[in-house]
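The values are calculated or read from the model by the stated rules, or taken from the named source; none is laboratory data. Predicted model only: the values in this text are computed from it and were never measured. Backbone-built Cβ (ideal geometry, glycine too); neighbour counts: all protein chains shown. Side chains are part of the model used for accessible areas, which takes the heavy atoms of the whole protein and leaves out ligands, DNA and RNA. Shrake-Rupley method; radii C 1.70, N 1.55, O 1.52, S 1.80 Å.
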There are 2 protein chains.
Amino acid sequence: MKESLRIFKALCDETRLKIVEFLLDGEKCVCEIIPFVKRAQSTVSIQLAKLESFGIVESRRDGKKVYYRVSNPKVKKILSELVSPKGKAKN
Amino acid sequence: MKESLRIFKALCDETRLKIVEFLLDGEKCVCEIIPFVKRAQSTVSIQLAKLESFGIVESRRDGKKVYYRVSNPKVKKILSELVSPKGKAKN
DNA sequence: TCATTATATTTAAACATATCAATATATAAA
DNA sequence: TTTATATATTGATATGTTTAAATATAATGA
(Lines give C-alpha, C1' and ligand atoms only; values in the text may rest on other atoms or scores of the structure.)
Protein backbone atom coordinates (compact mmCIF):
# COMPACT_ATOMS: atom_id res chain seq x y z
CA MET A 1 0.00 0.00 0.00
CA LYS A 2 1.11 3.54 -0.81
CA GLU A 3 2.80 5.23 2.13
CA SER A 4 0.57 8.30 2.07
CA LEU A 5 -2.54 6.12 2.18
CA ARG A 6 -1.08 4.13 5.07
CA ILE A 7 -0.47 7.31 7.02
CA PHE A 8 -3.99 8.60 6.44
CA LYS A 9 -5.53 5.25 7.35
CA ALA A 10 -3.51 5.26 10.55
CA LEU A 11 -4.63 8.74 11.55
CA CYS A 12 -8.28 8.70 10.44
CA ASP A 13 -9.56 7.30 13.72
CA GLU A 14 -10.10 9.60 16.69
CA THR A 15 -8.52 7.25 19.19
CA ARG A 16 -5.42 6.64 17.10
CA LEU A 17 -5.00 10.31 16.22
CA LYS A 18 -5.26 11.25 19.87
CA ILE A 19 -2.64 8.65 20.78
CA VAL A 20 -0.21 9.81 18.11
CA GLU A 21 -0.62 13.46 19.08
CA PHE A 22 0.02 12.49 22.69
CA LEU A 23 3.17 10.63 21.67
CA LEU A 24 4.49 13.68 19.82
CA ASP A 25 5.20 15.02 23.28
CA GLY A 26 7.63 12.12 23.71
CA GLU A 27 7.65 8.47 24.57
CA LYS A 28 4.77 7.28 26.79
CA CYS A 29 3.91 3.97 28.39
CA VAL A 30 0.62 2.24 27.71
CA CYS A 31 -0.53 2.90 31.25
CA GLU A 32 -0.28 6.64 30.59
CA ILE A 33 -2.01 6.42 27.23
CA ILE A 34 -5.07 4.57 28.53
CA PRO A 35 -6.34 7.30 30.87
CA PHE A 36 -5.43 9.96 28.32
CA VAL A 37 -7.60 8.55 25.54
CA LYS A 38 -10.28 7.22 27.90
CA ARG A 39 -10.76 3.86 26.21
CA ALA A 40 -10.65 0.31 27.53
CA GLN A 41 -7.18 -1.18 27.97
CA SER A 42 -7.85 -3.73 25.24
CA THR A 43 -8.92 -1.01 22.84
CA VAL A 44 -5.78 1.00 23.43
CA SER A 45 -3.60 -2.06 23.04
CA ILE A 46 -5.29 -2.92 19.75
CA GLN A 47 -4.94 0.58 18.35
CA LEU A 48 -1.30 0.75 19.36
CA ALA A 49 -0.67 -2.53 17.57
CA LYS A 50 -2.40 -1.12 14.53
CA LEU A 51 -0.30 2.04 14.61
CA GLU A 52 2.80 -0.09 14.88
CA SER A 53 1.77 -2.26 11.94
CA PHE A 54 1.10 0.88 9.91
CA GLY A 55 4.69 1.95 10.61
CA ILE A 56 3.73 5.03 12.60
CA VAL A 57 5.03 4.10 16.06
CA GLU A 58 7.60 1.80 17.61
CA SER A 59 7.68 0.27 21.07
CA ARG A 60 10.14 -0.97 23.63
CA ARG A 61 9.58 -2.92 26.78
CA ASP A 62 11.14 -1.89 30.09
CA GLY A 63 10.24 -4.40 32.76
CA LYS A 64 6.50 -4.71 32.96
CA LYS A 65 5.89 -1.51 31.03
CA VAL A 66 5.87 -0.98 27.29
CA TYR A 67 6.73 2.43 25.90
CA TYR A 68 5.55 3.73 22.53
CA ARG A 69 6.95 6.57 20.45
CA VAL A 70 6.27 8.10 17.04
CA SER A 71 8.84 6.65 14.66
CA ASN A 72 7.60 8.04 11.35
CA PRO A 73 9.19 11.41 10.51
CA LYS A 74 6.55 12.27 7.89
CA VAL A 75 3.83 11.86 10.48
CA LYS A 76 5.69 14.11 12.88
CA LYS A 77 6.02 16.75 10.20
CA ILE A 78 2.40 16.58 9.06
CA LEU A 79 1.01 16.80 12.56
CA SER A 80 3.29 19.60 13.62
CA GLU A 81 2.06 21.61 10.65
CA LEU A 82 -1.59 21.00 11.39
CA VAL A 83 -1.46 22.89 14.64
CA SER A 84 -2.69 26.48 14.67
CA PRO A 85 -0.64 28.86 12.52
CA LYS A 86 2.18 30.11 14.70
CA GLY A 87 1.76 33.39 16.51
CA LYS A 88 -2.00 33.56 16.32
CA ALA A 89 -3.80 33.03 19.58
CA LYS A 90 -6.96 31.18 18.76
CA ASN A 91 -7.01 29.91 15.17
CA MET B 1 -14.93 17.52 14.45
CA LYS B 2 -11.28 18.53 14.68
CA GLU B 3 -9.90 19.74 11.36
CA SER B 4 -6.94 17.37 11.33
CA LEU B 5 -9.23 14.40 11.89
CA ARG B 6 -11.52 15.60 9.09
CA ILE B 7 -8.59 15.81 6.71
CA PHE B 8 -7.37 12.32 7.58
CA LYS B 9 -10.86 10.85 7.28
CA ALA B 10 -11.18 12.47 3.88
CA LEU B 11 -7.91 11.04 2.59
CA CYS B 12 -7.96 7.57 4.16
CA ASP B 13 -9.82 5.97 1.27
CA GLU B 14 -7.97 4.95 -1.87
CA THR B 15 -10.57 6.34 -4.25
CA ARG B 16 -10.76 9.69 -2.50
CA LEU B 17 -7.00 10.03 -2.14
CA LYS B 18 -6.55 9.29 -5.83
CA ILE B 19 -9.16 11.91 -6.72
CA VAL B 20 -7.56 14.57 -4.55
CA GLU B 21 -4.10 13.86 -5.90
CA PHE B 22 -5.50 14.12 -9.42
CA LEU B 23 -7.08 17.46 -8.57
CA LEU B 24 -3.77 18.82 -7.29
CA ASP B 25 -2.87 19.05 -10.95
CA GLY B 26 -5.70 21.56 -11.34
CA GLU B 27 -9.46 21.69 -11.71
CA LYS B 28 -11.03 18.64 -13.39
CA CYS B 29 -14.57 17.79 -14.45
CA VAL B 30 -16.32 14.69 -13.14
CA CYS B 31 -16.19 13.09 -16.57
CA GLU B 32 -12.38 13.21 -16.42
CA ILE B 33 -12.22 11.91 -12.87
CA ILE B 34 -14.33 8.81 -13.53
CA PRO B 35 -11.97 7.12 -16.03
CA PHE B 36 -8.97 8.19 -13.97
CA VAL B 37 -10.07 6.46 -10.78
CA LYS B 38 -11.81 3.58 -12.59
CA ARG B 39 -14.93 3.49 -10.45
CA ALA B 40 -18.62 3.64 -11.30
CA GLN B 41 -20.04 7.11 -11.93
CA SER B 42 -22.20 6.88 -8.84
CA THR B 43 -19.21 5.96 -6.72
CA VAL B 44 -17.19 8.91 -7.95
CA SER B 45 -20.09 11.27 -7.44
CA ILE B 46 -20.58 10.06 -3.89
CA GLN B 47 -16.91 10.36 -3.01
CA LEU B 48 -16.74 13.84 -4.48
CA ALA B 49 -19.72 14.84 -2.38
CA LYS B 50 -17.98 13.41 0.64
CA LEU B 51 -14.79 15.32 -0.10
CA GLU B 52 -16.82 18.49 -0.48
CA SER B 53 -18.62 17.93 2.80
CA PHE B 54 -15.26 17.35 4.48
CA GLY B 55 -14.16 20.76 3.22
CA ILE B 56 -11.41 19.41 0.99
CA VAL B 57 -12.73 20.34 -2.46
CA GLU B 58 -15.12 22.83 -4.02
CA SER B 59 -17.10 22.58 -7.23
CA ARG B 60 -18.57 24.81 -9.89
CA ARG B 61 -20.96 23.97 -12.66
CA ASP B 62 -20.35 25.07 -16.24
CA GLY B 63 -23.22 23.96 -18.41
CA LYS B 64 -23.70 20.25 -18.09
CA LYS B 65 -20.29 19.71 -16.57
CA VAL B 66 -19.23 20.11 -12.96
CA TYR B 67 -15.65 20.95 -12.13
CA TYR B 68 -13.95 20.12 -8.84
CA ARG B 69 -10.80 21.58 -7.33
CA VAL B 70 -8.86 21.23 -4.09
CA SER B 71 -9.87 24.14 -1.89
CA ASN B 72 -8.11 23.23 1.34
CA PRO B 73 -4.61 24.71 1.55
CA LYS B 74 -3.53 22.37 4.35
CA VAL B 75 -4.37 19.39 2.21
CA LYS B 76 -2.38 20.83 -0.68
CA LYS B 77 0.59 21.33 1.60
CA ILE B 78 0.44 17.89 3.19
CA LEU B 79 0.13 16.08 -0.11
CA SER B 80 2.86 18.04 -1.80
CA GLU B 81 5.19 17.12 1.04
CA LEU B 82 4.35 13.44 0.87
CA VAL B 83 5.80 13.08 -2.59
CA SER B 84 9.36 11.80 -2.91
CA PRO B 85 11.99 14.04 -1.28
CA LYS B 86 13.06 16.55 -3.89
CA GLY B 87 16.03 15.75 -6.06
CA LYS B 88 16.15 12.05 -5.33
CA ALA B 89 15.12 9.82 -8.21
CA LYS B 90 13.25 6.92 -6.71
CA ASN B 91 12.55 7.43 -3.03
C1' DT C 1 -41.20 19.65 -26.46
C1' DC C 2 -38.24 15.60 -26.69
C1' DA C 3 -33.87 13.36 -26.67
C1' DT C 4 -29.25 13.36 -25.04
C1' DT C 5 -25.59 14.01 -21.92
C1' DA C 6 -23.60 14.92 -17.32
C1' DT C 7 -24.06 14.47 -12.63
C1' DA C 8 -26.53 13.35 -8.24
C1' DT C 9 -29.31 10.38 -5.27
C1' DT C 10 -31.30 6.06 -3.63
C1' DT C 11 -31.01 1.36 -2.40
C1' DA C 12 -29.00 -2.92 -1.17
C1' DA C 13 -25.17 -5.84 -0.53
C1' DA C 14 -20.62 -6.75 0.92
C1' DC C 15 -17.10 -5.58 3.70
C1' DA C 16 -14.40 -3.29 7.28
C1' DT C 17 -13.77 -1.29 11.85
C1' DA C 18 -14.03 0.13 16.76
C1' DT C 19 -15.20 -1.18 21.05
C1' DC C 20 -15.34 -3.85 25.35
C1' DA C 21 -15.31 -7.98 28.43
C1' DA C 22 -12.96 -11.94 29.26
C1' DT C 23 -8.90 -14.36 29.05
C1' DA C 24 -3.98 -15.12 28.18
C1' DT C 25 0.83 -13.90 28.60
C1' DA C 26 4.91 -11.62 30.48
C1' DT C 27 7.46 -9.58 34.07
C1' DA C 28 8.63 -8.51 38.65
C1' DA C 29 7.93 -8.76 43.62
C1' DA C 30 6.75 -11.17 47.77
C1' DT D 1 6.58 -20.82 43.73
C1' DT D 2 2.63 -17.61 44.21
C1' DT D 3 0.71 -13.11 43.62
C1' DA D 4 0.19 -8.76 41.53
C1' DT D 5 0.69 -5.72 37.72
C1' DA D 6 1.12 -4.40 32.78
C1' DT D 7 0.05 -5.45 28.29
C1' DA D 8 -1.70 -8.46 24.46
C1' DT D 9 -5.11 -11.45 22.32
C1' DT D 10 -9.70 -13.41 21.52
C1' DG D 11 -14.56 -13.31 20.66
C1' DA D 12 -18.79 -10.94 20.18
C1' DT D 13 -21.42 -7.05 18.92
C1' DA D 14 -22.42 -2.82 16.93
C1' DT D 15 -21.56 0.57 13.69
C1' DG D 16 -19.80 2.57 9.62
C1' DT D 17 -18.11 2.43 4.74
C1' DT D 18 -17.55 1.44 -0.11
C1' DT D 19 -19.43 -0.04 -4.10
C1' DA D 20 -22.51 -0.51 -8.19
C1' DA D 21 -27.13 -0.68 -10.37
C1' DA D 22 -31.11 1.76 -10.89
C1' DT D 23 -33.31 5.94 -10.88
C1' DA D 24 -33.73 10.98 -10.61
C1' DT D 25 -32.40 15.64 -11.79
C1' DA D 26 -30.22 19.35 -14.46
C1' DA D 27 -28.70 21.42 -18.61
C1' DT D 28 -28.30 21.61 -23.52
C1' DG D 29 -29.48 21.01 -28.26
C1' DA D 30 -32.48 19.27 -31.97
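A few remarks follow.
- Pairwise burial A:B, computed as accessible area of each alone minus the pair, summed, 1.4 Å, Å²: 1700
- Rule-of-thumb Rg ratio for the protein assembly as shown [Cα; 2.2 N^0.38 Å; N residues]: 1.16
- With its label point put 7 Å out from Cα toward Cβ, B:Lys64 sits 7.1 nm from the same residue's point in the other copies, in order from shortest.
- The residues packed around B:Met1, meaning those with a beta-carbon under 15 Å from its beta-carbon, carry a net charge of +3 if Lys and Arg are +1 and Asp and Glu are -1.
- Of A:Lys2/B:Lys74; B:Lys2/B:Lys77; A:Lys18/A:Lys74; A:Lys74/B:Lys65; A:Lys38/A:Lys64; A:Lys2/B:Lys77, pairs whose Cα-Cα distance is over 27 Å: A:Lys74/B:Lys65
- Percent RCO, i.e. relative contact order, over chain B, from Cα pairs under 8 Å lying at least 6 residues apart: 27
- Cut-off 10 Å between beta-carbons: net charge of the residues surrounding A:Glu58, Lys and Arg +1, Asp and Glu -1: 0
- What chain B shows is 58 Å² of accessible area per residue, with the surface traced by a 1.4 Å probe over protein heavy atoms.
- In terms of Cα atoms, the Rg and Dmax of the stretch A:3-80 work out to 11.5, 35 Å.
- Residue of chain B nearest the B-to-A rotation axis [by Cβ], rounded angstrom distance: B:Cys12, 2
- Helix B:41-53 axis, angle to chain B major axis (alpha carbon atoms, nearest 10°): 60
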